[in-house]
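Step one of this worksheet: look at the structure below.
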Amino acid sequence: MVPVLKRPYWDPREAWLLLLRRDRVDRIKKKGHKDHHHHHRPGPIGPPAPPQHHNHLSNAVPHEKILHVFIQMLKDILKSKNGKHTPGHGNHLMVNAAFTCMTDQDASVEPGNQIELQIYHQPDIEGSFNIGDGFNLTSGRYTAPISGLYTFSARLSIGLSVQETKTNTHGFFKVQLCIQSLCQKNLSLQKISSLSLTGPHTISLNGVLHLQAGQYVSLFLENHMEYWLVVEKGSDFSGVLLHRGLQ
């Protein structure tokens, strides 16, 4: 019989804050290391940097780094709780649910409208993963098989519809990852951006949500621009269960 490690409970908000603090410390250390090896040369003072858009739960931390740091935190907690590794299992954290997929066709959004992204496929390429059958490739909805904390990541390539010939852009668009399609009622991950006419624009969205077993999440694009937008084929969406249940 395979021994099972009992995962200790911790407050998810505290865990998330610890993750962000840990990432901030790492970036400060790296910056200090670079400054030690490079001499700064004085130069003219330029204009201030343009303001950045803000969104729920911040997208400054890449998905891969979130997953790596969070798993390392879990390992550290397990070691401190048990005092030592369980032989053969202390260095591994079982992932019970995960998926990665890509849009299978272009999706157009007219001005003033919102669509739910649908029609995906699971790529058979190096680095892709799929554990469980919670993702519906037709509806584009991932249903949580287990209650717990999930990390999600999406990278969408967005461009203008081919019939658009405008020379300037106005407005913005919003990408959201919503629970039960209730983007306003439930907590959602979101990113707001604008689009230039120089070519497709890639927008990334990532963060952590708590889902109850049976709840689903899906991606939405809301178009507040003056022309049609297109989410291009091959845009990707992925998710991983980080921690089962909350007490």
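Show me the strands (runs of 3 or more DSSP E) entirely contained within the range 142-247 in which 1 or more residues are farther than 22 Å from ALA98 by Cβ and modelled with pLDDT under 95.
Per the criteria, 148-160, 171-179, 189-193, 201-211, 216-225, 229-231.
Please determine, by comparing only the residues of the range 107-141 that are of a type in the set (Val, Ile, Thr) and surrounded by fewer than 18 Cβ atoms within 10 Å (Cβ to Cβ), which one is modelled with the lowest pLDDT.
The initial filter retains those residues of the range 107-141 that are of a type in the set (Val, Ile, Thr), namely 109, 115, 119, 125, 131, 138.
Those still in the list that are surrounded by fewer than 18 Cβ atoms within 10 Å (Cβ to Cβ) too: 115, 119, 125, 131, 138.
Numbers: ILE115: 97, ILE119: 95, ILE125: 78, ILE131: 88, THR138: 96.
This residue is ILE125.
The values are calculated or read from the model by the stated rules, or taken from the named source; none is laboratory data. Values in this document were obtained by computation on a predicted structure and should not be read as measured data. Here Cβ is always computed from backbone atoms with ideal geometry, including for glycine, and neighbour counts include all displayed protein chains.
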